[in-house]
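What follows is a short report on a single structure.
The values are calculated or read from the model by the stated rules, or taken from the named source; none is laboratory data. Since this is a predicted model, take the numbers as computed values, not measurements. In this analysis, Cβ positions are derived from the backbone assuming ideal geometry, glycine residues included, and neighbour counts consider all displayed protein chains. Accessible surface is based on the protein model in full, side chains and every heavy atom, while ligands, DNA and RNA are left aside. Shrake-Rupley method; radii C 1.70, N 1.55, O 1.52, S 1.80 Å.
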Amino acid sequence: MLRPKIPTMPTPTGHVTPPAPVEPTAVLPSLQTPLAAPTAPAPSRPVVQLTPGTVLALVGGGTAVVLVVGAVLVSMLLAVAITGASVAVVAVVLRSLLASETKRR
């Protein structure tokens, strides 16, 4: 009744060239003298100096990040706990309704 339509492969348009065969080449060992590795110059970056103000700012920023992440995680845990409690209450109410329905019959 319903038959799937199988897609056909599109035919290439334009000039198509077959792939060229790759011929292996022989590896000939040769005697080479190892070159001396050039020494890199010392980096010209300035040394980072931590002043008491920057240390205080870094500690304050890290503390703020930890507090924010902690607050987010606690709020997510609280949301899951509230959802679980509400599902439990709904289950108890439904069980009570179903039990009272069977007692009336």
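Structure values in brief
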| item | result |
| --- | --- |
| Output for segment 7-52, where each listed residue is among the small types (Gly, Ala, Ser) and modelled with pLDDT of 75 or more | 20, 26, 44 |
| Pairs with Cβ under 9 Å, 6+ apart, first in segment 47-61 and free of Cβ contacts under 8 Å to residues at least 40 places away in the same chain, second among the polar types (S, T, N, Q) and open to solvent by 70 Å² or more (accessible area, probe 1.4 Å) | none |
| Meets criteria (open to solvent by 90 Å² or more (accessible area, probe 1.4 Å), modelled with pLDDT of 95 or more and hydrophobic (A, V, I, L, M, F, W, C)) for residue 92 | yes |
